[in-house]
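Asks: Right, I'll just put the structure down here and ask away after.
The values are calculated or read from the model by the stated rules, or taken from the named source; none is laboratory data. All values derive from a computational prediction rather than experimental measurement. Because the Cβ atoms are built from the backbone with ideal geometry, glycine has one as well, and the counts that use them run over all protein chains shown.
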Amino acid sequence: MGLTLWPVPGKAKSKLICNAFAAGAPKSAKGSVFFGTEGVMSAFQKAKAKAAAGQEPFFYLDNSYFDKHRGIYFRVTKNALQVDPRGRSSTGERFDRLGVPIKAWRDPLGPDTLLCPQSDDFMKSTLGLKGYDWTADVRSIINTYDRPDLPVRVRHWNRDKLKAAVVLEHELPHCRLVISHSSSASITAMMEGVPSISTGPTAAAYHLTGPLTRESFIDPPKPSYDERYQFASVLADGQFTLSEFSTGVAWKWLEKQ
């Protein structure tokens, strides 16, 4: 049957990236390809169900795991939204080429916990959580910890990812902890020396920082330099330029997974 592409309707970027990925595919490749799920939610949920039943895979494409490389690199995963770093190793060569520094944990940290919600459409179309208010839920959980001395603020979702990254950069000096569902904000914070937690089990960083608990909120996780380096290296191995998509480099990586 080959590949079926499901770009977001009306989004030229989504179509371009899906086409580049398909151009590098081997003739035997089959499955559904997505870059974003807005407007194709039903198709995505059906594709997930087929993959879960072992019938046909899906391939999920998205922006780089690292904010400063958005628009240059695009990540890909098979039957998942983000790579699961557990049990994986990397030489670090691709990550080293990115030039992303891994900074020492800031000392002192700022006073605030910063919540970084994702779009309502992502929660609904991609995760299938229609009507779910992540920010309200996390605030409610934090309230049960009874720590009014640890203030919480929100960086609201912004469609302009470059502006959102600039806002985060200015916010980090004031933060003791960054919390997101599966946003790259958590990865950026971790690389910049600010502790972070990803609450979504589909997030790559979830497996490094662990879930949000009273203990992790009060004493945020601080993985070692080596742990963060290996984590970031595994992420870098799973993201590619459009040229690498169209020439099959990404597919060669997928076939080894």
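Asks: If the requirement is being farther than 23 Å from residue 193 by Cβ and in contact with a Phe, Trp or Tyr (Cβ under 6 Å, 6 or more places away or on another chain), which of these qualifies: 64, 125, 119?
Replies: 119
Asks: Are any residues in the range 184-205 of a type outside the set (A, V, I, L, M) and either within 12 Å of the chain's Cα centre (by Cα) or not in a loop (DSSP other than H, G, I, E, B) (or both), and if so, which ones?
Replies: Scanning the range 184-205 gives 184, 186, 188, 196, 198, 199, 200, 201, 202.
Asks: Another one. Which of the numbered conditions does residue 10 fail, given that it passes all the others? Conditions: (1) over 30 Å from residue 191 (Cβ atoms); (2) small (Gly, Ala, Ser); (3) surrounded by 14 or more Cβ atoms within 10 Å (Cβ to Cβ).
Replies: For residue 10, the failing item is (3).
For (1) of a type in the set (Phe, Trp, Tyr); (2) crowded, with 20+ Cβ neighbours inside 10 Å; (3) farther than 30 Å from residue 148 by Cα, each residue gets a yes or a no:
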| site | (1), (2), (3) |
| --- | --- |
| 216 | no, no, no |
| 219 | no, no, no |
| 223 | no, no, no |
| 226 | no, no, yes |
| 234 | no, yes, yes |
| 240 | yes, yes, yes |
| 243 | no, no, yes |
| 247 | no, no, yes |
| 256 | no, no, yes |
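Asks: Follow-up. Count, please, the residues in the range 12-45 that happen to be out of contact with any strand residue (DSSP E or B) (no Cβ under 8 Å at 6 or more places or on another chain) and either free of Cβ contacts under 8 Å to residues at least 60 places away in the same chain or among the small types (Gly, Ala, Ser) (or both).
Replies: Of the residues in that region, 8 qualify.
Asks: Please go through the range 144-177 and give me each residue that is basic (Lys, Arg) and without any contact (Cβ under 8 Å) to a residue 24 or more places away in the chain, ordered by number.
Replies: 163
Asks: Answer yes if at least one residue in the range 88-102 is within 20 Å of the chain's Cα centre (by Cα), closer than 24 Å to residue 138 by Cα and surrounded by 15 or more Cβ atoms within 10 Å (Cβ to Cβ), and no otherwise.
Replies: Within the range 88-102, not a single residue is within 20 Å of the chain's Cα centre (by Cα), closer than 24 Å to residue 138 by Cα and surrounded by 15 or more Cβ atoms within 10 Å (Cβ to Cβ).
Asks: How many residues does the range 202-252 hold that are farther than 16 Å from residue 192 by Cβ, touching a residue at least 12 places away in the same chain (Cβ under 8 Å) and among the basic types (Lys, Arg)?
Replies: 1
Asks: What single numbered condition from (1) of a type in the set (Gly, Ala, Ser); (2) touching a Lys or Arg at 6+ places or on another chain (Cβ under 9 Å); (3) not in a loop (DSSP other than H, G, I, E, B) fails to hold for residue 49?
Replies: Checking residue 49 against (1) of a type in the set (Gly, Ala, Ser); (2) touching a Lys or Arg at 6+ places or on another chain (Cβ under 9 Å); (3) not in a loop (DSSP other than H, G, I, E, B), the one that fails is (2).
Asks: Could you look through the range 53-62, keep only residues that are in contact (Cβ under 8 Å) with a residue 24 or more places away in the chain and of a type in the set (A, V, I, L, M, F, W, C), and pick out the one that is surrounded by the most Cβ atoms within 10 Å (Cβ to Cβ)?
Replies: So, considering only residues that are in contact (Cβ under 8 Å) with a residue 24 or more places away in the chain and of a type in the set (A, V, I, L, M, F, W, C), the one surrounded by the most Cβ atoms within 10 Å (Cβ to Cβ) is 59.
Asks: How many residues does the range 89-132 contain that are part of a loop (DSSP other than H, G, I, E, B), at pLDDT below 95 and of a type in the set (A, V, I, L, M)?
Replies: 2
Asks: Also: With the structure loaded, tell me whether residue 216 is closer than 20 Å to residue 69 by Cβ and among the polar types (S, T, N, Q) or whether it fails that test.
Replies: When the stated conditions are applied, residue 216 does not pass them.
Asks: Any residue that is surrounded by 12 or more Cβ atoms within 10 Å (Cβ to Cβ), of a type in the set (A, V, I, L, M, F, W, C) and part of a loop (DSSP other than H, G, I, E, B) - is there at least one of those in the range 142-151?
Replies: Scanning the range 142-151, I find at least one residue that is surrounded by 12 or more Cβ atoms within 10 Å (Cβ to Cβ), of a type in the set (A, V, I, L, M, F, W, C) and part of a loop (DSSP other than H, G, I, E, B), so the answer is yes.
Asks: With 256, 161 as the choices, which residue is within 15 Å of the chain's Cα centre (by Cα) and charged (D, E, K, R)?
Replies: 161
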